[in-house]
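Student: Dumping the structure here so I can ask a few things about it.
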Amino acid sequence: MTTWRMSAVEKAARAALLRVLRGLPEGRIVLRDGEGSHELGTGTELQARIDIHAPRVYTALLRDRGKGLARTYADGLWDCDDLVSMVRIASRALVRADPWRARISTATWPLKRAWR
């Protein structure tokens, strides 16, 4: 993977995502992008590797959450070696991510409104 140039918003979105994923109790995700590789989570039952090909994936996640994830996957901006395991890990972690999602949503509401 090549090194990226990321905007401040992309860096902040990436940092927030990594922070949420670090403590995954129900699985392990290896996230690889232009900045390196991160092993996230403590579980061993479910595992997936995600390769992110463009930093705008992070802002799409921040702005549109699940829809942004789906749209960027359809556009080929990221891929996963085991999509079913990734979805299972994500669904089990949603409760843990809700406080972060609420904070991010509140903080980014003006930006979301401007984008639309």
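The values are calculated or read from the model by the stated rules, or taken from the named source; none is laboratory data. Note that the structure is predicted; figures quoted are calculated from it, not measured. For neighbour counting, all protein chains shown are included, and Cβ atoms are generated from backbone atoms with ideal geometry for every residue, glycine included.
Student: Mind checking which residues of region 19-47 are within 18 Å of TYR58 (Cβ to Cβ) and of a type in the set (Ser, Thr, Tyr)?
Tutor: Selection gives SER37 alone.
Student: Would you mind telling me which numbered condition in (1) aliphatic (A, V, I, L, M); (2) closer than 22 Å to ARG113 by Cβ; (3) surrounded by fewer than 16 Cβ atoms within 10 Å (Cβ to Cβ) ALA74 fails?
Tutor: It is condition (2) that ALA74 fails.
Student: Further question: Return the residue satisfying two criteria in turn: it lies in region 54-63 and is of a type in the set (A, V, I, L, M) and at pLDDT below 90, and of such residues it is nearest to the chain's Cα centre (by Cα).
Tutor: LEU61
Student: Would you say LEU21 is modelled with pLDDT under 90, out of contact with any helix residue (DSSP H, G or I) (no Cβ under 7 Å at 6 or more places or on another chain) and in a helix (DSSP H, G or I)?
Tutor: yes
Student: If you don't mind, another one. For region 65-78, does any single residue satisfy the condition of being farther than 18 Å from ARG5 by Cβ, of a type outside the set (Phe, Trp, Tyr) and outside any helix (DSSP H, G or I)?
Tutor: Yes, that holds for at least one residue.
Student: Take region 59-91 and flag every residue that is over 22 Å from ARG28 (Cβ atoms) and among the acidic types (Asp, Glu).
Tutor: ASP64, ASP75
Student: Could you list, in sequence order, the residues of region 64-97 that are over 27 Å from PRO110 (Cα atoms), charged (D, E, K, R) and modelled with pLDDT under 95?
Tutor: Within region 64-97, ARG88, ARG92 meet the criteria.
Student: Test SER37 against the criterion of being among the polar types (S, T, N, Q) and over 14 Å from the mean Cα position of the chain (by Cα), and give yes or no.
Tutor: Judged against the criteria, SER37 is not a match.
Student: Could you list, in sequence order, all residues of region 41-68 that are closer than 13 Å to ARG14 by Cα and among the aliphatic types (A, V, I, L, M)?
Tutor: Correct list: ILE52, ALA54, VAL57, ALA60, LEU61, LEU62.
Student: Please determine, by comparing only the residues of region 13-71 that are free of Cβ contacts under 8 Å to residues at least 12 places away in the same chain and basic (Lys, Arg), which one is surrounded by the fewest Cβ atoms within 10 Å (Cβ to Cβ).
Tutor: Among them, the one singled out is LYS67.
Student: Evaluate the following for ASP51: is it in contact with a Lys or Arg (Cβ under 6 Å, 6 or more places away or on another chain) and either basic (Lys, Arg) or modelled with pLDDT of 90 or more (or both)?
Tutor: Criteria met by ASP51.
Student: Filter region 57-96 for residues that are closer than 21 Å to ARG19 by Cβ and touching an Asp or Glu at 6+ places or on another chain (Cβ under 7 Å) and give the result.
Tutor: TYR58, THR59, TRP78, ILE89, ARG92, ALA93
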